[in-house]
């Protein structure tokens with residue numbers, strides 16, 4: 001049984017800060033890391049960028065918020081992750097603009113973005129193939145949603161955050177979360193069709 | 001068809017199916033990805049147990065690297081920027097700063113989150 005760890009950093013003096021049990025924090029990270037990777041991967045469409053953004057979010061959570069109450073970790077973690085994802089997207093756009101005139105850089109960038117999915121497609125059964133295709137179509141349509149709708153849909157539906165937690169992770173009101181989510185579902189239903 | 005999950009959020013067929021597909025894709029993550037996520041988690045937890053160096057020491061190597069990188073990049077792109085209008089050159093400089101920055105959003109994240117938290121708490125009280 002591990003004992004609470006005296007975390008480094010300034011968080012200990014903050015109101016509401018608590019002692020950290022490293023094992024609690026590790027269990028929390030283990031419970032979110034794979035889903036967080038898939039969410040980041042859907043948006044960034046690149047394994048390395050998705051891995052880096054999840055690792056950044058884990059590091060930042062531990063460094064700055066480890067001593068916050070455990071109930072705050074999930075929305076905080078996803079808030080940091082969403083910021084990291086946006087940061088990677090912006091950097092990619094900037095790189096694209098800066099190196100557009102340099103064919104070698106441009107083609108390398110495109111090749112990175114098109115890296116194949118990390119999902120292991122080993123079982124070559126028809127159901128598996130159909131599921132893979134359906135998932136690919138869902139990811140394609142999700143990627144075309146406005147960013148806030150994308151976030152609301154993935155946090156609510158994939159990660160299972162409730163409205164208050166999603167609002168915390170997105171830094172907006174609960175009403176906005178409901179609006180973004182409902183628009184996302186509506187648009188996806190239209191684009192994916194009744195059969196989906 | 002509409003059902004309800006554990007946070008009383010009603011789910012229609014699209015929401016259920018997309019959730020099922022997502023869960024399957026998480027279960028089917030490759031061993032390599034799982035392993036790298038585990039390594040990342042261990043590295044993050046290790047940071048909890050180690051004392052952080054003084055702020056100035058922590059930033060010195062990063063600041064040095066950033067200055068060198070900025071100087072090299074500035075030399076490389078000076079010609080291209082000089083041929084652009086002034087506003088575009090300023091934008092390009094901002095872009096370079098973005099590419100070179102690392103943790104600049106940390107403080108913003110903290111301020112935004114706690115401002116939001118305070119607002120929510122005062123709304124509820």
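From the alpha carbon centroid of the range A:41-72 to that of the range A:142-157 is 18 Å.
Shielding of peptide A:50-62 by partners, expressed as the average count of other chain Cβ atoms within 10 Å per residue Cβ, is 5.
Counting Cβ atoms of other protein chains within 10 Å of each residue's Cβ and taking the mean over peptide A:79-86 gives 2. Shielding value for A:152-165 is 3, the average number of Cβ atoms from other chains within 10 Å of each residue's Cβ.
In this simple spin-label approximation, residue A:174 and residue B:39 carry label points 7 Å from Cα along the Cα→Cβ vector, and these lie 4.3 nm apart. Between residue A:23 and residue A:190, the FRET efficiency estimated from the beta carbon spacing at R0 = 41 angstrom works out to 0.35. Remark: spin-label model distance residue B:13-residue A:133 equals 1.8 nm, labels positioned 7 Å along the Cα→Cβ axis. For the pair residue A:182 and residue A:97, label points projected 7 Å from Cα toward Cβ lie 3.6 nm apart. The ranking of A:186, A:180 by Cβ neighbour count inside 10 Å, starting from the fewest, reads A:186, A:180. This ranking places A:154, A:130 by how few other beta-carbon atoms lie within 10 Å of each, fewest first, which gives A:130, A:154.
Values in this text are rule-based calculations from the coordinates and carry no lab data. The model shown is predicted, which means the values in this text are computed figures rather than measured ones. Don't worry about glycine lacking a Cβ; one is built from the backbone with ideal geometry, like all the others, and counts go over all protein chains shown.
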